[in-house]
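Asker: Questions regarding the structure given below will be posed in turn.
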Amino acid sequence: MAVFEATDESFDELVKEGVSIVDFYSTHCGPCRVLLPVLLSVENQLPFINLIKINTDNCPKLAGRFRISAVPTVYFSKEGEMTEYHGCQDEDSIKEKLSKILYE
């Protein structure tokens, strides 16, 4: 569907409907930069999925709320229900996790 840069204020509205990949990242994180093209590819292949990016440096409330202690940390959201999935994963692993969320 789209790529969004969430803020502390906009996050809940962005995840309340549909399925989203929620990427907690930092601009100075090497693995975050490696993961970004993978997430963009998945979002491009599955256009009904939103990609929501959260810069932990700019959104300390969200980082605290989700107890983000390392980046990248990826969550998946279905209708606002969050499922955690850590680290830099390959495209197949991400699509497999999304498949479980979509069809359960």
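Asker: Multiply the residue gap between Ser69 and Val34 by 0.36 nm, knock off their C-alpha separation, and tell me the result in nm, one decimal place.
Answerer: Result: 10.7 nm gained on full extension.
Asker: For the pair Asp57 and Glu84, how long in nm is the line joining their label points, each one 7 Å along Cα→Cβ?
Answerer: Result: 2.4 nm between the two label points.
Asker: What is the chain by shape, rounded, prolate or oblate, if you read a ≥ b ≥ c off the alpha carbon gyration tensor as root eigenvalues and call it rounded for a/c under 1.5, prolate for a/b larger than b/c, and oblate otherwise?
Answerer: In terms of gyration-tensor shape, oblate.
Asker: Can I ask one more? Once the Cβ-Cβ distance between Ser93 and Ala2 is put in as r, and R0 is 30 Å, what FRET efficiency do you end up with, to the nearest 0.05?
Answerer: Efficiency, rounded to the nearest 0.05: 0.85.
Asker: Which order do Lys16, Lys53 take by accessible area at a 1.4 Å probe, largest first?
Answerer: Ranked list, largest accessible area first: Lys16, Lys53.
Asker: Over the chain, average the accessible area per residue using a 1.4 Å probe and give it in Å², no decimals.
Answerer: Accessible surface, normalised per residue, equals 55 Å².
Asker: Let me ask you something else. Using a 1.4 Å probe over the heavy atoms of the protein chains, calculate the carbon and sulfur portion of the accessible area of the chain as a whole percent.
Answerer: The C+S portion of the solvent-accessible surface of the chain is 52 percent.
Asker: Right, here's the next one. With both partners inside the chain, how many of the DSSP beta bridges are antiparallel, as a percent to the nearest 5?
Answerer: Around 55 percent antiparallel, to the nearest 5.
Asker: Cα to Cα, under 21 Å, and not fewer than 8 places away if on the same chain: which lysines meet these conditions relative to Lys97?
Answerer: Reachable lysines: Lys16, Lys53, Lys78.
The values are calculated or read from the model by the stated rules, or taken from the named source; none is laboratory data. Note that the structure is predicted; figures quoted are calculated from it, not measured. Every residue, glycine among them, receives a Cβ derived from its backbone with ideal geometry; neighbour counts consider all protein chains shown. To get the accessible areas, we keep the full protein, side chains included, count just its heavy atoms, and leave off ligands, DNA and RNA. Shrake-Rupley method; radii C 1.70, N 1.55, O 1.52, S 1.80 Å.
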